[in-house]
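First comes the structure, then the notes that go with it.
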Amino acid sequence: MHDVMPRAKRGPLSLLRTRRYGAMWVTQFLSAFNDNALKNALVLMLAYRPEMARGLPAGMLIPLAGALFILPFFFGSATAGQLADSHDKAKVIRIIKLTEIAVMAIAAAAVLSDNTWTLFALLFVMGIEAAFFGPLKYAILPDLLRFDELLLGNALVEAGTFFAILIGTIAGMLIATSHGALTVAALIVFVALGAWGASQAIPSGAPSAPETRIEWNFLASTWRLVADSRHEPTRFRSILGISWFWLVGATYLSQFPTYVSRYLGGAESVVTLFLTVFSVGVGAGSLLGSRILKGRISAHIAPWGALGIALFSIDLWLASPVHQIASNPAAEIALGEFLQTPVHWRILVDLLGIAASGGVFALPLYALLQTAGDERWRARAIGANNVVNAAAMVLSALAVIALLAAGISVPGLFLLTGVSTLGVAGWFWRLRMALVPNAGAAPVLVPREAE
């Protein structure tokens, strides 16, 4: 029998330095970076190179790029969950990361040759890989971490994901620089190689449910997966809460460019600042939630996180201009000038508060999704979560389009988001005592050599 790791408290850096967890964290971070770098590079190519659109309006092709990436989550998540529960998760991750090298090599060639339709096809393939990787990266955490480390492990994944989204998005902007195509092409291949290399160090383990049958009827299995997830109430309620978090996040992230340019008169650098504040806020909120709970998996902080989203959203509406301003690129406010106005600092504080509250809200729900219920069904529950999350983001896009068409302003969207989240906070306040982890879950003891 192996010696077990002493049950001393670990800090974030200490946990990241362990091979069992650090390798997984680096793998998911580099994967999220690459997804966003390539997506943003394609969006900028469509927006600023008319010949890339092949005669079609960029305003139509850019949303299509996002749809192609998210579509596989609807029909692939059920099979992904079955695969993750029935096989060695580390081995499947390594296979996915190996195929990603080939995908990024083809994408690099497409970037260099300005091949629009190949890039669109590869976005769809990347969506398939992301749909299969999603259940794996969360379902494997309870196998790699002690029970009292699970909250911190989830917090670091959340923080890393949003930071990777931010710097991946910024890296995609390199496409607009001199030799940008070559830079982006080399970068995405190099990062894919790094992700595969990191995945080699993830410890292997026995499958949680080797008897699970893989269903290849994607639509039927997806419908059954979401329906079956309702049989575990704590997990299903966690899924609904996490999906609300992504709906709110998608609403804000999609409106930053319009809000900054049309209501605040800010330049693109201000949009980047907003993305940075939001990403840092979610990560900080996740780590704060882990610190508050001190390793205990509990939903008691979730209503307070939802309340924070609501109150900061309402104050953001109060701090925002009522009407749009005339578009005038020559008069756009640069970052330095933007930060000289006191009300802009209030807006940034509200934005940080919304994001940090979102991190506090979602963190315990992810941990409950992993621990509250039959562990043999863990990856499939996470697959169901991915399906509902994707639906929430699509619903966000449709609702935003409808509300804007009806004459609601962007600050008005923020107000509606805040008021709606008050209802979510109330619902989770009523449910907080019912949301508990699996009573039979025992702390995970990790072999010392896995450090």
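With θ taken as phi - 60° and the coefficients 6.51, -1.76 and 1.60, list the Karplus ³J(HN,Hα) couplings across the stretch 106-112 in order, rounded to whole Hz; mark glycine and proline as x.
Karplus-based 3J(HN,Hα) across the stretch 106-112 equals 5, 4, 4, 5, 5, 5, 5 Hz.
Which residues make up the longest stretch of the chain clear of trypsin sites (Lys or Arg not before Pro) that lie in a DSSP loop with no more than 15 other Cβ atoms within 10 Å, not counting the sites?
On the way: sites that count: Arg7, Lys9, Arg17, Arg54, Arg213, Arg230, Lys294, Arg296.
Result for the longest clean stretch: 55-212.
If you take the square roots of the eigenvalues of the alpha-carbon gyration tensor of the stretch 56-139 and sort them as a ≥ b ≥ c, do you get rounded (a/c under 1.5), prolate (a/b over b/c) or oblate? Spell out each step's value before the answer.
Working: a/c = 3.95, a/b = 1.68, b/c = 2.35.
Because a/c hits 1.5 or more and a/b fails to exceed b/c, the stretch 56-139 counts as oblate.
Could you work out Rg/(2.2 N^0.38 Å) for the stretch 231-439, with Rg from alpha carbons only? If you can, show how the numbers build up before the last one.
Numbers: Rg = 18.1 Å, N = 209, 2.2 N^0.38 = 16.8 Å.
Against the compact-globule rule of thumb, the ratio is 1.08.
Give the value in nm², to one decimal: projected area of the alpha carbon convex hull of the stretch 339-415, averaged over all directions. It would help to have the intermediate numbers written out before the result.
Details: hull surface 27.9 nm².
About 7.0 nm², averaged over all directions.
Relative contact order (percent) for the chain, with alpha-carbon contacts under 8 angstrom and 6 or more residues of separation? Walk me through the intermediate numbers first.
Details: 741 pairs, mean separation 122.1, N = 451.
Answer for the chain is 27 percent.
Using a cut-off of 22 Å between alpha-carbon atoms, which lysines can reach Lys137, once sequence neighbours fewer than 8 places away in the same chain are excluded?
List returned: Lys39, Lys89, Lys91, Lys97.
Just from the alpha-carbon atoms, what are the Rg and Dmax of the stretch 11-205 in angstroms?
My reading of the Cα-based Rg and Dmax gives 17.1, 56 Å.
Spelling out what I want: for every residue of the stretch 132-145, take phi, set θ = phi - 60°, compute 6.51 cos²θ - 1.76 cosθ + 1.60 (Karplus), and round to whole Hz; glycine and proline get x.
Once θ is set to phi - 60°, the couplings for the stretch 132-145 become 7, 7, x, x, 5, 5, 8, 5, 7, 4, x, 7, 9, 10 Hz.
Within the set of other residues whose C-beta is less than 12 Å from the C-beta of Ser208, count the net charge using Lys and Arg as +1 and Asp and Glu as -1.
Local charge sum for Ser208: -2.
In percent, how large is the relative contact order of the stretch 11-205, given Cα pairs closer than 8 Å and 6 or more residues apart? Can you show the working numbers first?
Details: 245 pairs, mean separation 90.7, N = 195.
Normalised by residue count, the contact order of the stretch 11-205 is 46 percent.
At 222 nm, what value in deg cm²/dmol follows for the chain if DSSP H runs of at least 4 each add -39500 (n - 2.57) and the sum is divided by all its residues, to the nearest 500? All intermediate terms of the calculation are to be shown ahead of the outcome.
Values: 17 runs with 325 residues, N = 451.
One gets -24500 deg cm²/dmol as the mean residue ellipticity at 222 nm.
In whole Hz, what ³J(HN,Hα) sequence does the stretch 313-321 give by Karplus (6.51, -1.76, 1.60; θ = phi - 60°), x for Gly and Pro?
Rounded to whole hertz, the list is 5, 5, 5, 4, 4, 5, 7, 8, x.
Once you have the Kirkwood Rh of the stretch 217-321 from its Cα pairs, apply Stokes-Einstein at 10 °C and 1.306 mPa s and quote D in µm²/s.
Details: Rh = 16.5 Å.
Using the Kirkwood radius from Cα pairs, D works out to 96 µm²/s.
List every residue whose amide H lies under 5 Å from the amide H of Ile333, counting only residues 5 or more places away in sequence or on a different chain, with H placed 1.01 Å from N in the peptide plane.
So Ile333 has HN proximity to Gly266, Ala267.
Please enumerate, by chain and number, the aspartates and glutamates with C-alpha under 18 Å from the C-alpha of Lys294, excluding those fewer than 8 residues away in the same chain.
Asp148, Glu149, Glu158
Restricting things to Cα coordinates, could you compute the convex hull volume per residue of the chain in Å³?
Numbers: hull volume 65.8 nm³, N = 451.
It is 146 Å³ per residue.
Quick check: the distance between the Cα centres of the stretch 385-422 and the stretch 94-121, to the nearest angstrom?
With the stretch 385-422 and the stretch 94-121 each reduced to a Cα centre, they are spaced 32 Å.
We did not get these values from a lab; they are worked out from the coordinates using the rules stated. Source: prediction; values computed, not measured. Using ideal geometry, Cβ is built from the backbone for each residue, glycine included, and neighbour counts are taken over all protein chains shown.
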